[in-house]
Structures are given as structure tokens and as C-alpha cells.
């Protein structure tokens, strides 16, 4: 079975990671101070997820938010970014796999837009450099907006008079600002503001009462068990690619309808088979269903599967409950401005 | 041609209406006081569009607004009320005909939800008694939510724990409040608050400067030309059924792909052929495309067609421009609360 080709190597890497972790755990003093320990592994959300390539300005944010709701630039007039990332469902859509123009099914589950911009790449398999690239590619993506070309998108945007002023203000240096790259930058700028501070951030900043006892126990389990080898940093994930199914093939436990080869689809390297970007865990309790194919509905079920196939461990009922409780502390507050629907400019 | 069967009768009725109008016009003193005249024909929006059958309470409004965004009760998980009535496009969707579950095309253009509840019925042909009835029927409507039964909808709502409290609070008298009739009442209650006060309301209340000179000339044209025979009252329409194409068949001028027999589909009375509810003109400048089949894109084009086929007149360029300018004064303000997206309760 080709699947096991790199198994030994991966497990070896794993054992090294876990050893470093155990050593670090001893240095930190084990359970002595969960707060100090957590601050070594995680960090609170920034106010804006900055990018060197795309300065975030109020004018870009304003335009980007409008464009996020724009359906008229999709081939059947029904698809906007917000269709698969509705704010009402924490900027995910609750479907296993998103449905785009003309009922085409997208290859993978729609990740939330919240805190997306802080990750190493957008989506699951590293074929979208960043949120700007994702916004740009999606308009011509066959299962998403389905437009025949970038020019076709620009043409429609130019026909909607209200966009002239909005693009001019957001890109004052550009002579011809209605361009798909600026479209992408504006949406990206808006996305870079989509942070959702949570009780966990409050905890990290020193407020120990922000997490209940159960949640602190869950956090401790997350650390001790080794989940943090992948799920660490500001976003509790989203910083590396990893094989899904280290100890056993994932499809033995998920309810996957087909085997997705992950990053192999992009690189065609055998070693990238079943490799996916580690998803962030922020707002995970609000963004069911789970995994790249949305094949699992319940958070507890997803947690147990992760223990089994990523750590080779049977998570106990108590551990599972604690972990889920901790994960709910990652549910953040959506900023008021983000909740306000923009009114799109009309054609006339 | 069957179409002309009742033509003489309709034209006779029409001549009588126009005569009464002309007489009234003389009594009012012609152009002497446009404001007084306008107040005889129209009235400003109420704060809430009340119903005897459905008391509007804050708890119902809150629940109704959430349910408006609920996609999980549609057969493919993609349809909510807000899909065909997105607030960002003035609660219409910009499509000729809305596209529902599994890419099914709805029979007619989606009217805006704004000011909808004040009309004699919902939608185009009188097959939906009121906004509550519309909300209820849509969940099992094959081209909309497409659910197999009301019970199937109730089952899903019951599975989403957060709804229990919301329904209990909105319907405190009910032992088993998660019921499709309450679903409909909650959405209806929210819709009954969806009024959009406009410069025209300000004008009607006595502020003559609320309308520009052009707009006042357009209003005068609307009155003198007889458009107000149908487009009158608080909503500037929405209070009667009328034949679309009194002087000539509508499809000679619109770009209709097929002939829609209108209310005949409901009653099977020959006299109801090509009869539609008169649409309201509030926010008409924001809710292109036009007519029951969205077959016309531009407002000026729609205005000229109406003159031709409803009044048997050629509207001049100046009259057309003035009318369109007046119609933009019916674009109202969306209330702040309405612009805020609700967060849906999660399954767990």
C-alpha cells in the first residue's frame, strides 16, 4: 500500500517532536503554571493580521467588505465570498463541501474567514499563497465564481458605477484601479481585520478566570498529549502542513466518501500524499462539520479521531470532554463593524 | 387571440379610472399644490406594518431575523430567505429569477422584503396571503428551500439546541413552540419592521425640499399621467391586481423568454390571464431587474414600457427622466438594526 511508504519517517519525526515536547514540559515545570506554559506555546491575537504585500487602509477595508458580498461577478449571479463564508455561521457555511455556481461542489470544506489571514496559506493544500491569492483565484475557480477570465470580472465591476469612486479611494496611486489584483487586495485587507478575540486570549493575557477549571484541564491535556505539536501559535494551528493520518489512514475513522490525496494534488510528490495544512482551532466549536471533507459532524468525534490517527492514542471520555470544553474557549467575539452588512452599489 | 378577450372591458375600466382621476385633479387644483395633492394619493410609511394575526414583539423580531439567515433548513443546505433577499442588494437578489436549492429556477423575480408586509399579498400572483404565509410556503416550495415536509423543517430546528430558548421566548404561551407556523410568524414579525423611510416620506410630511425640482416634476408627471391609478397609497403600489399589458401584450415590449399567465395560474379564470399584483415602487431604483420575470434591466426602459402598455402613451424623454428621478426619491434608509447580521445558533 502506497500510503505507508513514508510511514516510518513520519512516525520517527513524530517521536522526536514528542520527545522535545516532553523535555520542554519538564523545563517549564509540568503543570505548575499553566499560564506561563500556554504563553510559551500560544499568543493572543493581534488587532490586524498585517502583510508586507498589502497595506491595510480604511478605504481598502471598506471596499473589501462590499466586494465580499458581491454576487454579480459570478457566472450565475449567485456566488459571493459571503455565500460560502456567511458571517451568520462564523464565516463558514455548515456544509461538508461548499456549493458554488451552477451547483458545482467544491473539492473541500470551506474554512472560516475569521483569523484566516494569519496562516501560512489559504485553504487546505497550499495552492493559495494567502488570502489575497485566494480571493483572486476564486473568481475564476470553476466550482466557485466560475467566471471565464479576470477581464470578465473587471468588466462587470466597471459597469457598476458606484465602484469607480470606491476603487479610486482605495487605490489612489492607480490610474486604472478597477483591476482584479486590487479586488484581491481590498478583500484581503478586509480579511486581515477579521480577528475574533476569545476567552483564551484573555487567559493568555493573564486573566486566569477567563477559562473555567474544565477548560484549563482541557488546555493542559492539549499540551501534555502533544496536540500542540501542530496546533500551536497565535491561531492554534495554521502554521504548517502535516500528514492527516500518521498512525492510521484517516478514512478508516472519518466518514469520507472518497480518499483525498491532499497536497499531492499540487506537488505530485509522493511524500505529499495525505498532507494538508493543519487547520486552526479558533472558533472550531462554531464551524462544524470537520476535516477537509466535512465528513465528521461532532466536535467530540473529531477530537477522538485526531487522538487515534495523529497521536496513536485513545483519548478517554474525561479527556475528550475537557478538550471540547477548552476548544469552546477559542470561540471569539465578532467585531461590531464586521457584523454590519454593506449595501452594494447599484448598476445605475 | 385569447389575450384580447377582455381587452374592451379592461380599457373601459381604465377610461373610467382616468376620468375620475382627471376630475379629482381639477378638484385638487391641478399643479397648485403638489404636496397637498400627493398627500391625497400617498401616505408616509408607518413604523411597523402591523397585522391582526401576528403581534409584533421584540422576541419574535429577534428570532425572525435569525431564521431569515437559516440555511440548514433547506434541502441542500444553501437556501435561506436571505439568499434571494440579501440585505446588501436591498433585499432582492439582482437576478431575473431567483435560483433556489439544487439550482432550481423560481418562476418569478424575487421582490424586495422591504415594505413587503404592507401589501395585499406576498409575491406576484396572489398565491401567498401575506408575508407569514410566504415564509411558511417557501420552506416546502420545490424551487426554494425544497424540504419534503413541514415536519422535516421542524425536526432540524429542534436539533439545533439554541432554537429552543429563542422559540420559547418568542412564543411563551406555546407548550411545543418549535412549529412551522411559529417559524412563519417570527419571520413575518421581523419583516413587518422592514420599512425604509425615504426622501418622499419626508416630502409627504411637509418638507418640500426633500424632493429636488426634477423629482417634484416627476411626481407631478406620475400623478397627471395616471400611473397613480395603480401606484398609489403608502407603498406606491402593492394594493391591487392589474392586467400587465392593457393596451398591448407585455411580451411585445419586455424581453420575456416565455409568456407568464400570472394570476390565471392560481384561479384558472380566463379573466385572470396576465393579471399580476401591482408591484410597489419603493426602492425600485435599487431593485433591478424589473417586472415579474426580471426581463428588463434599466429603470428608464421599464418606465417607458409601462407608459406604452398600461397607459397607451409614449412617454417623452423629459418625462421619463423626471419620472426616474422621482423614483430615486423612493429609495429609503435601511435601519441600523436590520443591517446587523445575526449569528445563528450552532448545532451543539
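Throughout, read-outs are computed from the coordinates displayed, never taken from laboratory work. All values derive from a computational prediction rather than experimental measurement. We place every Cβ from the backbone using ideal geometry, glycine too, and count neighbours over all the protein chains shown.
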key: Average beta carbon contacts from partner chains per residue of B:83-91, 10 Å cutoff   = 5
request  = Provide the packing ranking of B:239-247, B:118-126, i.e. peptides ordered by the mean count of other C-beta atoms within 10 Å per residue, highest first.
outcome  = B:118-126, B:239-247
task = Take the Cα gyration tensor of the stretch B:191-348, multiply each eigenvalue by 5, square-root it, and list the three semi-axes largest first, rounded to whole angstrom.
result = 27, 25, 14
key: Neighbour-count order for A:280, B:340, fewest beta carbons within 10 angstrom listed first   = B:340, A:280
note = Stokes-Einstein, Kirkwood over Cα pairs, the stretch A:45-173, 20 °C, 1.002 mPa s; D in µm²/s equals 139
message = Under 10 Å, Cα contacts only: if you run a Gaussian network model on chain B, which one of B:127, B:220, B:269 comes out with the highest mean-square fluctuation?
response = B:269
request  = With just the Cα atoms of the stretch A:164-222, tell me how far they stretch along each of the three principal axes, in Å, largest first.
outcome  = 57, 19, 14
message = Using alpha carbons only, how many angstrom separate the centre of the stretch A:169-224 from the centre of the stretch B:209-279?
response = 50
key: Cα convex hull volume per residue for the stretch A:113-272 (Å³)   = 182
ask   = Over chain A, what is the percentage of antiparallel beta bridges among all DSSP beta bridges, to the nearest 5?
value = 75
ask   = Ranked by Cβ crowding within 10 angstrom, fewest neighbours first, how are A:179, A:231 ordered?
value = A:179, A:231
ask   = Measuring from centroid to centroid over Cα atoms, what is the spacing of the stretch A:136-158 and the stretch B:55-80 in Å?
value = 31
inquiry  = For peptide A:338-348, what's the mean number of Cβ atoms from other chains within 10 Å of each residue's Cβ?
reply    = 6
query = On a 0 to 90 degree scale, rounded to 10, what angle separates helix A:7-28 from the longest Cα axis of chain A?
reply = 80
inquiry  = Run the label-point distances for residue B:259 please: 7 Å along Cα to Cβ, every other copy, nanometres, shortest first.
reply    = 6.0
note = Helix A:131-140: inclination vs chain A longest Cα principal axis, degrees, rounded to 10, gives 60
request  = Would you kindly calculate the translational diffusion coefficient of the stretch A:236-312, applying Stokes-Einstein with the Kirkwood radius from alpha carbon pairs, for 37 °C and a viscosity of 0.692 mPa s, and quote it in µm² s⁻¹ without decimals?
outcome  = 256
remark   = If one compares the long axis through the Cα atoms of helix A:299-311 with the longest principal axis of the Cα atoms of chain A, the angle in degrees, nearest 10, works out at 60
ask   = So what are the stretch A:191-240's ellipsoid semi-axes, whole angstrom, largest first, if each one is the square root of 5 times an eigenvalue of the alpha-carbon gyration tensor?
value = 19, 17, 7
Beta bridges per DSSP with both ends in the protein assembly as shown, % antiparallel, nearest 5 = 75
ask   = Across the residues of B:70-77, average count of Cβ atoms on other protein chains within 10 Å?
value = 3
Debye log10 I(q)/I(0) at q = 0.06, 0.09 Å⁻¹ for the protein assembly as shown, Cα point scatterers = -0.41, -0.84
inquiry  = Closest beta-carbon to the B-to-A rotation axis: which chain B residue owns it, and what is the separation in whole Å?
reply    = B:103, 2
request  = Mind pulling the per residue volume of the convex hull built on the Cα atoms of chain B? Å³ is fine.
outcome  = 135
Ranked packing of A:90-98, A:139-147, B:140-148, most packed first, by mean Cβ within 10 Å = A:90-98, A:139-147, B:140-148
message = Label position 7 Å from Cα toward Cβ: report the copy-to-copy distances for residue B:161 in nm, one decimal, ordered from shortest.
response = 5.3
Unit Cα scatterers, Debye sum, the stretch B:214-277: log10 I(q)/I(0) for q = 0.15 Å⁻¹ = -0.60
Listed peptides A:273-279, B:260-266 by packing density, highest first (mean Cβ within 10 Å) = A:273-279, B:260-266
